[in-house]
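The values are calculated or read from the model by the stated rules, or taken from the named source; none is laboratory data. Predicted model only: the values in this text are computed from it and were never measured. Here Cβ is always computed from backbone atoms with ideal geometry, including for glycine, and neighbour counts include all displayed protein chains.
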Amino acid sequence: MVWLALAAVGCGVIYQRARIDAIPGPPKLARAWVLSALNAARKGAPVPKPPEGAADYRGADGVIVDLFHRGVLIRTERAGASLVDGVMEIVRRLRSDPRIAQHPGWGAEPEQPIRFAVAVPLGDAPFLDVVPGLDLLGLVPLREGVSASVDGRTAHLSPHAVWALAVLDEAVVTPIPDLSFGADVDRLRQALARKLGVPAAQLRGKLRRFVAETLTGPAYPADEQPSPEALRAAARQGAAFLLRHQRRDGRFTYVYDARADEARRGRGYSLARHAGTTFFLAQAARLLDMPEAREGARRALRWVRRRALTDCGQAKCVGGGRLIRLGGSALTALATAEWLRGGTAEQERKLLEQLTAHIRAVQRPDGELMHDYDRKRKRPIDRQRMYYSGEAALALLRAHRVLGDARDLATVASLMRHLTGGGWSFFGSRYFYGEEHWTCQAVAAGAGRLDVASGLDFCLRWSEFQRRIQYGPTETQWPAWGAYGVGPVLLPRITAIASRVEAGVPIYRVALARGDDVGELRTQLAASVSALMRFRWSPGPIHLMKNPAAALGGFPMTQASLQVRNDFVQHAGSAMLAWAEQLSDE
């Protein structure tokens, strides 16, 4: 009871100290006028007349205008007046500044124009940056900026200026793959200190947070109705993104940094994700009539044969070094089987036969697979990793469609009984689920060839579990309805949205054919697809990109990220194609 009382008092004190009572943002017509006025100033055109009522709006602390060029913040202007007066004052400053007039992004039709991000502060509160650990979660990404005052002078970092510093979602790196969070407060403090010309240590305990409404053109995220045509167009853009970032030898850019328009250095190359990307290109070639995607997929498979195919006992596998992980082999088999659906070729068929032989060879008597292979000792190691068994099951089922090898089907039957049955029977198993999106795609792919009743029930329970952590329209600070998460401070992962659609759509179709009530699942999937369409780069936050044309069609990890890993596009593209097919059937 004492502990509960202390916790309640502590939470109450922090809440009262940190809460922001925000005023309403500017009206819709006023928001549109702000951007049109600034762009008119850039083009040397007359500033349009403010709409009726706009002159009456006053934010909590003036207006902040950030100027970006080729993804770099080049200038910040602030005017502390009403919205209209503040914008007009900033327009006068920019028009009278010879440095701006000579900038290559200023003028009527520059190749890369200066772009504006306008922040209208709506309220502020102290930043609790003196509490270790708590300070990392003290800023709501994309919604809040930071300010500091010294000797009567104040410096501001708007939400998009914070975004441009690349300090979001990187402070705490967890052991869970792709999960990091928190803002790097030291870098925020250093950026404000440079603006004020004081040591960063002098600002400790003097930071304030302010919530703001930010206006950019074009808006990101942007709503788009997920019609079959729009979904296929989005998937086509994703395939084109991957092809733009594929080398001649078939290898892909692993992580593309839109801020610098280049591949991010210092990252390893995942053979499993290379294969997954190849799978999506082969899928896009077949479903979207994209011969260039088919050729890109073939180049990627050729690279695997030349650079990554090795011996694992009597079979072939994908990897390098002494220890080989199953994921590369499983997803390469999946990609090859998908490619062969568009037409046969001897080399690809032989590759698929070699890889499926390796998968069959590492199965345990209970059906589970051993995920590591020791090439020196020529034997598998009985170790399991996330995703691999589900990937292998789906690959064998797709391979069976192409090769007709009964051994593949028998291997999958035993494996699926383990994955969705005995291997998932423990106390509390109905209240906890892992990453089962590959498993559930395999369950759906086995319908008509295997008894999938127990697997289908498992995947319907898994989908229900996901619905419990799916965000509704008012549950986060961001337009994240349809995404998945466990709290209001972690930005949702876009790949998690996509993978649940990838698995959910085929499960929905099988359950619907069985006569199940799947109305809630359909609503869940529709909301998730809508989220994917909002978060894709079409064109995205182009004011923060060096080369928006190169980034078009990409999918970042989160709304705040400016990096695209190749499998982000793969999962999202496959998800959109699956839902487009479902909508067309309906």
*Filter segment 143-161 for residues that are buried (at least 22 other Cβ atoms within 10 Å of the Cβ) and in contact with a helix residue (DSSP H, G or I) (Cβ under 7 Å, 6 or more places away or on another chain); which is nearest to residue 207 (Cα to Cα)?*
148
*Among the numbered conditions (1) hydroxyl-bearing (Ser, Thr, Tyr); (2) under 29 Å from the mean Cα position of the chain (by Cα); (3) over 15 Å from residue 438 (Cα atoms), tell me where residue 414 comes up short.*
(2)
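Would you mind finding the one in 526, 453, 503 that is surrounded by 18 or more Cβ atoms within 10 Å (Cβ to Cβ) and of a type outside the set (D, E, K, R)?
503
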*Only one of 531, 550, 560 is more than 14 Å from the chain's Cα centre (by Cα) and in the same structural domain as residue 269 (by TED's automatic domain parsing); which?*
550
*Residues that are of a type in the set (Val, Ile, Thr) and within 17 Å of residue 371 (Cα to Cα), drawn from segment 409-455*: 411, 412, 439
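If you go through segment 73-84, how many residues are touching a residue at least 24 places away in the same chain (Cβ under 8 Å) and out of contact with any Pro (no Cβ under 7 Å at 6 or more places or on another chain)?
Of all residues in segment 73-84, those touching a residue at least 24 places away in the same chain (Cβ under 8 Å) come to 73-76, 78, 82-84.
From what's left, out of contact with any Pro (no Cβ under 7 Å at 6 or more places or on another chain): 73-76, 78, 82.
Total meeting the criteria: 6.
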*Yes or no: residue 124 crowded, with 17+ Cβ neighbours inside 10 Å, among the acidic types (Asp, Glu), at pLDDT 95 or above and more than 25 Å from residue 69 (Cβ to Cβ)?*
yes
_Taking the conditions exactly as written (over 16 Å from residue 569 (Cβ atoms) and either assigned to a loop (DSSP other than H, G, I, E, B) or free of Cβ contacts under 8 Å to residues at least 60 places away in the same chain (or both)), does residue 477 satisfy them or not?_
yes
*Among (1) within 25 Å of residue 344 (Cα to Cα); (2) out of contact with any strand residue (DSSP E or B) (no Cβ under 9 Å at 6 or more places or on another chain); (3) surrounded by 18 or more Cβ atoms within 10 Å (Cβ to Cβ); (4) without any contact (Cβ under 8 Å) to a residue 40 or more places away in the chain, where does residue 412 come up short?*
(2)
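Tally the residues that are among the aliphatic types (A, V, I, L, M) and either on the phi > 0 side of the Ramachandran plot or part of a loop (DSSP other than H, G, I, E, B) (or both), restricting the search to segment 427-473.
Qualifying residue count for the region: 2.
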*Taking interchain pairs and intrachain pairs at least six residues apart, which have beta carbon atoms under 7 angstrom, with the first residue in segment 168-194 and part of a helix (DSSP H, G or I) and the second among the small types (Gly, Ala, Ser)?*
189/200; 190/200; 192/148; 192/155; 193/200
_Test: residue 355 is surrounded by fewer than 24 Cβ atoms within 10 Å (Cβ to Cβ), at pLDDT 95 or above and out of contact with any Phe, Trp or Tyr (no Cβ under 9 Å at 6 or more places or on another chain)_ = no
*Counting only residues that are in contact with a Lys or Arg (Cβ under 9 Å, 6 or more places away or on another chain) and within 30 Å of residue 266 (Cβ to Cβ), how many does segment 574-586 have?*
1
